[in-house]
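The values are calculated or read from the model by the stated rules, or taken from the named source; none is laboratory data. The shown structure was predicted, so the numbers you read here are calculated from the model rather than taken from an experiment. Every residue, glycine among them, receives a Cβ derived from its backbone with ideal geometry; neighbour counts consider all protein chains shown. SASA here: full protein model, heavy atoms, side chains in, ligands and nucleic acids out. Shrake-Rupley method; radii C 1.70, N 1.55, O 1.52, S 1.80 Å.
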Amino acid sequence: MGADDKKELKALKCAKCGGDLVKGSRSHYDDEEEETVTIPVARCIQCNTEYDQHTSEYYEVFADDLTYDKDSTVFKLGLKGKLKGIEYEIIGRLRYQEEEEYEKSTWDEWVAVSEDGVFHYFVEEDGRIDSYEEYIPESIDMESSGSSIEFEGKKIKKSEGYIGRIVLAEGELPWTPEIGEATLCYDFKKDGLNYTIEKTDDEVSITKGEKLSHGEIIDAFNIGGYKDLYANTLKKRKSFRWESRIYLAAMLFCLILSAYSCLGDKPVPGVMNSKSIFMNNSPVNDAEGSVYESQILYGPFDIPEGDKLYNVSVQVNQQVEPLNLEWLSFRFMLVGESRLNDLSEGKINDSALLGDIFENIDALPEPLESYVIIGDFWDEEGRDSDGYWHESDLSYDTDFVLDDAGKYYVYLELFSNNKKDVNSVVFAISQSKGYRYYIVIFFVFFILWGVSKIRSRSYNELPFEMSE
Amino acid sequence: MSSMNCSSCGAPVEIKNRFSKVFVCGYCSTHLKVSESGLDIAGKYPKLAEFPSVFQVGSRGTILGKPFAALGRMRYKYQGGHYDEWFIELDGENAWFTEDEGTFTLYTDLYEAVDIPDITSIKAGQNIMVGDKKVMVKEKGHAVVEGGEGELYFYVEPGTEVVYLDAVSEGKKVSVEYTENEVEMFAGRPLLKRDIVVEG
């Protein structure tokens with residue numbers, strides 16, 4: 001009788017009352033997660049006894065959830081083949097589930113017998129295949145130290161062990177396993193090779209292994225139907241790898257261009273060299289009460305090139321007059337000299353006329369400005385549950401594209417809850433090389449690189465998982 | 001080598017190894033204890049069932065390139081099936097070769113009547129001192145002697161239960177067998193089928 005038959009015959013009964021067991025769940029507060037979590041449990045429909053993942057009953061009840069993809073594997077029972085000159089036959093399979101995981105976290109141990117009369121184990125987990133066989137260590141001590149295992153001079157922490165529970169057994173196996181049977185496993189590397197120590201109540205098994213590619217397995221066991229799919233998968237993955245390299249190179253190129261552009265910003269000179277003050281801290285009453293308004297016209301100055309990206313920064317000059325627990329709003333307008341000249345009918349040097357124009361700027365049928373920014377600066381303090389806080393926002397900058405070169409003015413309108421020195425707000429304009437565009441392009445390439453990278457690892461035409 | 005006759009059926013008996021303690025008559029399956037005075041009947045048991053095996057009593061060839069002769073075997077039955085423990089001469093020395101479900105182990109070192117802890121307390125993964133050797137127990141199991149064939153270095157009556165330990169020590173496979181009367185420890189190494197060449 002095969003182990004699989006045994007599993008079929010084993011009834012799912014409560015150990016306490018003999019009642020039927022069904023799938024259920026239990027909610028409890030998890031101290032680590034700091035929230036209520038719901039975990040699956042097997043439950044007796046008669047006495048309500050719960051069986052969690054530390055019991056064999058749990059795996060009997062949930063076996064179907066942990067084995068639904070049991071056929072999505074490269075190996076099959078009865079496969080025969082020749083690997084590295086040795087003939088093997090796959091005679092049995094065990095599937096384990098990691099005990100600490102509530103979600104499916106399984107691996108398959110395929111038992112093969114070789115022409116040399118040696119049991120061999122092919123472990124298939126997360127698309128990776130490792131080949132293991134029995135190993136006799138020069139020295140091993142599993143019990144002298146409470147916290148570690150000594151293995152040929154290497155210390156393996158016992159805390160790194162994990163428990164696997166059998167959820168599927170089929171074919172011929174060297175022993176008769178039970179569903180839910182627990183095995184304590186330690187996986188570790190030594191001198192570049194993989195080792196596994198598996199311990200049950202009755203037996204300790206020590207195996208040494210190495211990683212195998214799916215190609216080696218498909219060739220060795222002559223799994224003809226998969227050869228083309230495997231070749232296509234490799235070809236596609238290679239092509240995605242190349243794509244990802246190209247995107248990576250493009251990302252680096254964007255970064256270099258961006259760095260070059262940052263260093264290459266060219267300030268527009270003399271933007272604040274001359275100014276006319278139309279209004280200086282005049283009290284104005286609005287819906288929120290009395291505020292102070294100032295109007296200043298800076299310029300003219302030359303914008304050297306049209307249809308280019310420019311950057312403007314407006315900020316409070318704290319050295320002139322600090323902003324201290326108060327606010328200040330501004331309106332920044334870039335106005336072309338020709339437009340202002342047209343509006344003033346050639347009397348551009350008439351300060352009083354210009355003052356009137358800007359006083360009524362919002363009533364103009366066509367916008368006067370080529371570009372406008374409206375913003376606020378503020379400085380605040382307060383207290384909250386974390387205690388005292390003090391925050392301020394004292395600068396603003398943005399990019400804009402100016403279509404035409406020529407002479408320009410900046411009209412700056414300030415509103416504040418206290419009188420402020422009109423010189424306390426300063427601005428600068430610079431011709432930008434557009435590093436931000438390169439950063440945007442960089443991120444586009446980054447996303448493409450990420451997608452290609454993922455696809456270079458995950459693209460798969462095979463009916464089972466295959467890692468790199 | 002000495003020639004005698006079976007005390008039960010009179011068939012000719014040829015003892016090839018001077019250390020053999022029991023001979024199983026190939027004709028009548030009587031178990032004959034070898035003593036200075038001759039052959040004493042220990043009992044008569046059924047012949048062993050024929051299972052595929054690399055050896056037969058009398059097989060010759062090489063193991064790891066050294067000449068061997070298969071003298072006899074004891075068969076044990078355990079939960080996983082059965083295994084044969086062959087008594088062989090290997091390059092002029094006594095050795096033991098186990099064949100268990102198609103896997104092979106050669107034991108060349110024998111430690112007789114060793115002193116080891118109480119078998120009931122021993123668990124898998126435990127270190128024990130066997131004589132002056134520290135060994136780690138890999139498995140503890142129970143087996144029942146099914147019978148024998150040919151010349152035997154050890155003899156345990158068929159039907160007797162033995163407790164065995166599979167262990168490792170100093171890079172070698174170790175097998176410890178307990179019977180009512182004594183404890184023996186063997187140390188050796190696993191073999192691949194290709195390590196064994198049987199003539200004919």
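Both radii are taken from the alpha-carbon atoms of the protein assembly as shown; with Rh as the Kirkwood radius, Rg/Rh is 1.29. Pairs of Lys residues in segment A:266-432, spaced 8 or more positions apart or belonging to different chains, with C-alpha separations under 27 angstrom: 10 in total.
Scalar couplings 3J(HN,Hα) for segment A:44-54, obtained by applying the Karplus form with A = 6.51, B = -1.76, C = 1.60 to θ = phi - 60°, are 7, 6, 8, 9, 6, 5, 9, 10, 8, 6, 8 Hz; x denotes Gly and Pro. Extent along the principal axes, Cα only, for segment A:58-149: 42, 40, 22 Å, with the longest axis given first. Since only A:Pro300, A:Asn311, A:Leu354 are under comparison, the one whose Cα sits farthest along the positive direction of the charge dipole of segment A:266-432, derived from C-beta charges on Lys, Arg, Asp and Glu, is A:Pro300.
Per the Debye formula on identical point scatterers at the alpha carbon atoms of segment A:34-80, with no solvent, log10 I(q)/I(0) at q = 0.13, 0.17, 0.18 Å⁻¹ is -0.49, -0.67, -0.71. Electrostatic tally near A:Asp342: other residues with Cβ closer than 15 Å to its Cβ, Lys and Arg +1, Asp and Glu -1, net -3. How would segment A:282-379 be classified by its alpha-carbon gyration tensor: rounded, prolate or oblate, with rounded meaning a/c under 1.5 and the a/b versus b/c comparison settling the rest? Judged from the Cα gyration tensor, segment A:282-379 comes out oblate (a/c at least 1.5, b/c at or above a/b). Simple rule: put +1 on each Lys or Arg Cβ and -1 on each Asp or Glu Cβ in the protein assembly as shown, find the dipole, and look at B:Gly61, A:Leu394, A:Val320; the Cα lying farthest toward the positive end is B:Gly61. Neighbouring Cβ atoms from other chains, within 10 Å of the Cβ of residues in A:200-211, number 3 on average.
Converting phi to 3J(HN,Hα) with the Karplus coefficients 6.51, -1.76 and 1.60 and the offset θ = phi - 60°, segment B:30-37 yields 6, 8, 10, 7, 8, 9, 4, 7 Hz in sequence order, with x at every glycine or proline. Rounded to the nearest 20, the Cβ-based charge dipole of chain A about its Cα centre (Lys and Arg +1, Asp and Glu -1) stands at 1740 debye. As a test of the definition: with a 1.4 Å probe, what buried accessible area, both sides summed, do you compute for A against B, in Å² to the nearest 100? Counting protein atoms only, the buried area is about 1900 Å².
Which of the GluC sites (Glu not before Pro) found in segment A:85-166 are loop residues per DSSP with 14 or fewer other Cβ atoms within 10 Å of their Cβ? The qualifying sites are A:Glu100, A:Glu101, A:Glu103, A:Glu138, A:Glu143, A:Glu152.
What residues of segment B:90-105 lose no less than 40 Å² of accessible area with every protein chain in place versus their chain by itself (probe 1.4 Å, heavy atoms only)? Those are B:Thr103, which lose 40 Å² or more relative to the chain on its own. Compare each residue of segment B:168-188 in its chain alone against the assembly with all protein chains, and report those whose accessible area goes down by 20 Å² or more; 1.4 Å probe, heavy atoms. Those residues are B:Val168, B:Glu170, B:Gly171, B:Lys173. Diagonalising the gyration tensor over the Cα atoms of chain B and scaling each eigenvalue by 5 before taking the square root yields semi-axes of 28, 20, 16 Å, largest first. Surface composition of the protein assembly as shown: carbon and sulfur atoms hold 48% of the protein heavy-atom accessible area at a 1.4 Å probe. With contacts taken as Cα pairs under 8 Å at a separation of at least 6 residues, segment A:266-432 carries a relative contact order of 43 percent. Count Lys and Arg as plus one, Asp and Glu as minus one, and take only other residues whose Cβ is under 13 Å from that of A:Lys419; the net charge is then -3. Here is the list for segment B:90-168: trypsin sites (Lys or Arg not before Pro) lying in DSSP coil, each with at most 14 other C-beta atoms within 10 angstrom of its C-beta, are B:Lys123.
Ligands, DNA and RNA are left out, and with a 1.4 angstrom probe the accessible area of chain B is 48 Å² per residue.
Computed with every protein chain present, the accessible area of A:Tyr371 is close to 50 Å² [probe 1.4 Å].
For the listed residue pairs B:Lys47/B:Lys172; B:Lys123/B:Lys173; B:Lys33/B:Lys133; B:Lys77/B:Lys123; A:Lys76/A:Lys236; A:Lys190/A:Lys453, the alpha carbons are over 24 angstrom apart in B:Lys47/B:Lys172; B:Lys33/B:Lys133; A:Lys76/A:Lys236; A:Lys190/A:Lys453.
The overall shape of segment B:2-44 is prolate: from the C-alpha gyration tensor, with semi-axes ordered a ≥ b ≥ c, the ratio a/c is 1.5 or greater and a/b exceeds b/c.
The equivalent ellipsoid of segment A:266-432 has semi-axes of 30, 20, 13 Å, largest first, where each one is the square root of 5 times an eigenvalue of the Cα gyration tensor. In segment B:136-155, burial by the other protein chains removes 50 Å² or more of accessible area from B:Met136, B:Lys138, compared with the chain on its own (1.4 Å probe, ligands and nucleic acids ignored).
To make sure I understand the rule: partners must be lysines, Cα under 19 Å from the Cα of A:Lys70, and not fewer than 8 residues away in the same chain. Which ones qualify? Leaving aside lysines fewer than 8 places away in the same chain, those within reach of A:Lys70 are A:Lys6, A:Lys7, A:Lys104.
For B:Val13, the residues 5 or more places off, or on other chains, whose built amide H falls under 5 Å of its own are B:Met4, B:Asn5, B:Cys6. Among the helices of chain A, those built from whole DSSP H runs whose Cα atoms reach 27 Å or more along their own axis and whose mean Kyte-Doolittle hydropathy is at least -1.0 are A:224-263, A:435-458.
At 222 nm, what helix-only mean residue ellipticity would chain A give, in deg cm²/dmol to the nearest 500, using -39500 (n - 2.57) for each DSSP H run of four or more?
Calculated from helices alone, the mean residue ellipticity at 222 nm is -7500 deg cm²/dmol.
Taking the Cα centre of segment B:89-200 as origin and assigning +1 to Lys and Arg Cβ atoms and -1 to Asp and Glu Cβ atoms, the resulting dipole is close to 760 debye.
Assuming charge only on the beta carbon of Lys and Arg (+1) and of Asp and Glu (-1), the dipole of segment A:266-432 about its Cα centre is about 600 debye to the nearest 20.
Taking a ≥ b ≥ c as the square roots of the eigenvalues of the alpha-carbon gyration tensor, segment A:100-149 is classed oblate because a/c is 1.5 or more while a/b is no larger than b/c.
Could you report segment A:266-432's accessible area per residue, 1.4 Å probe, as an integer in Å²?
53 Å²
Relative contact order for chain A: 15 percent, from Cα pairs under 8 Å spaced at least 6 residues apart, divided by residue count. Taken one residue at a time, the phi angles of segment B:164-178 give Karplus couplings (6.51, -1.76, 1.60, θ = phi - 60°) of 10, 10, 9, 8, 10, 7, 6, x, 10, 7, 10, 10, 10, 10, 10 Hz. Gly and Pro are set to x. Distance from the alpha carbon centroid of segment A:246-324 to that of segment A:430-468 works out to 35 angstrom. Left without a cysteine partner by the 4.7 Å Cβ rule in chain A: A:Cys185, A:Cys254, A:Cys262. For segment A:367-463, the relative contact order works out to 13 percent when only alpha carbon pairs closer than 8 Å and six or more residues apart are counted.
Once you list every other residue whose beta carbon is under 9 Å from the beta carbon of A:Asn194, what net charge do they have if Lys and Arg are +1 and Asp and Glu are -1?
Details: positive: A:Lys189, A:Lys190, A:Lys208, A:Lys211; negative: A:Asp130, A:Asp187, A:Glu210.
Its environment carries a net charge of +1.
Among the GluC sites (Glu not before Pro) found in segment A:274-377, those both in a DSSP coil and sparsely packed, with 10 or fewer other Cβ atoms within 10 Å of their Cβ, are A:Glu288, A:Glu345.
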